[in-house]
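To start, the structure itself, in structure tokens.
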Amino acid sequence: TKPKEPELPLFFGWFLLPEEEERIKCATMDFLKTLDTLEAFKEHISEFTGEAEKAVDLEQYFQNPLPLHCTTKFCDYGKTEGAKAYAELQVVKESLAKSDELSVTALIVTPRTFGARVALTETQMKLWPEGADKEGVAPTLLPSVEALPAGSRAHVTLGCAAGVEAVQTGLDLLEILALQKEGKEGTQVEMDLGTLSYLSEGRWFLTLREPITADTNFSSFSE
Ligand code: ACK
């Protein structure tokens, strides 16, 4: 019998250490609590609820079943393009189980997702697959995404609205970055954590005054 090929995981990424996960969850939940009390947010509440006067509890609105992580390569157990080649990269094999620090520079909130933007270092970019930013991006958004620096999609999904898949967080982030680049920012509000801006259709972007760092392990994940 032939030796069995090693199975490919659902995805590879940096996973926050448990104590870091708690710290980030607390800090980001506090932000959500403040956000849904802001007048600027309430003005656009219908973009979340479909009704003008209805309040929304954002902490309940967003759910997250997976451990906090920043995906590098979604492999879907070998079904996605380049999954095997990625798993076999020397840099991937060498990085497995190694610790690394991620830097979160912004938070995003949309009617679909709640996420943290991750600024990858040059070393971390070696684990970021070529073309990963563009994967599954709608053709209309593609030219704007191609104009963004590689690694722009790097994020941690903090939560998704009911019925929304986590893959949406990276897509929402790209859309926001593209709108920002076109100078489409609206209302700006100063908050303790940084500057909050509104980008139409229920999209909010908080630029952190100070990046939030988190210790992680690079690893594969399978369910
Ligand atoms: O928040 P995420 O990066 O978005 O973490 C999850 C993880 O893989 C497990 O589902 C991400 N993911 C799912 N589908 C894709 C895809 N087609 N392209 C890139 N990332 C994906 C998801």
Work out, step by step, the length gained on full extension between SER99 and SER46: first 0.36 nm times the residue separation, then minus their alpha carbon distance; give nm to one decimal. 14.9 nm
Surface per residue (accessible, 1.4 Å probe) for the chain, Å²: 53
Dividing the alpha-carbon radius of gyration of the chain by 2.2 N^0.38 Å (N being the number of residues), what value is obtained? 1.04
A convex hull over the alpha carbons of segment 102-223 yields, per residue, a volume in Å³ of 130
Would you mind checking the tilt of helix 167-181 against the longest principal axis of the Cα atoms of the chain, expressed as 0 to 90 degrees and rounded to 10? 60
Gap separating the Cα centres of segment 7-65 and segment 72-92, nearest whole Å: 29
Once the dipole of the chain is set up with Lys and Arg at +1 and Asp and Glu at -1 on Cβ about the Cα centre, which of PHE48, THR80, VAL167 lies farthest towards its positive end? THR80
When the dipole is taken about the Cα centre of the chain, and only Lys, Arg (+1) and Asp, Glu (-1) are charged at their Cβ, what size is it in debye, to the nearest 20? 640
Report the calculated FRET efficiency for VAL91 and LEU10 (r = Cβ-Cβ distance, R0 = 25 Å), to the nearest 0.05. 0.80
Rounded to whole Å, √(5λ) for the Cα gyration tensor eigenvalues of segment 16-142, largest first, gives 33, 19, 13
Using the basic label-point model (7 angstrom from Cα toward the beta carbon), what is the GLU146 to GLU185 distance in nanometres? 2.7
Calculate one ³J(HN,Hα) per residue across segment 133-138 by plugging θ = phi - 60° into the Karplus curve 6.51 cos²θ - 1.76 cosθ + 1.60, and present them in order as whole Hz with x for glycine and proline. 5, 8, 4, x, 7, 4
What is the sum of charges, Lys and Arg at +1 and Asp and Glu at -1, for the other residues whose Cβ falls under 14 Å from the Cβ of LEU208? -2
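The values are calculated or read from the model by the stated rules, or taken from the named source; none is laboratory data. Given the structure is predicted, the values throughout are model-derived calculations rather than measurements. Neighbour counts are summed over all protein chains in view; Cβ atoms, including those assigned to glycine, are modelled from backbone coordinates with ideal geometry. Please note that ligands, DNA and RNA were not included when accessible areas were found on the heavy atoms of the full protein model with its side chains. Shrake-Rupley method; radii C 1.70, N 1.55, O 1.52, S 1.80 Å.
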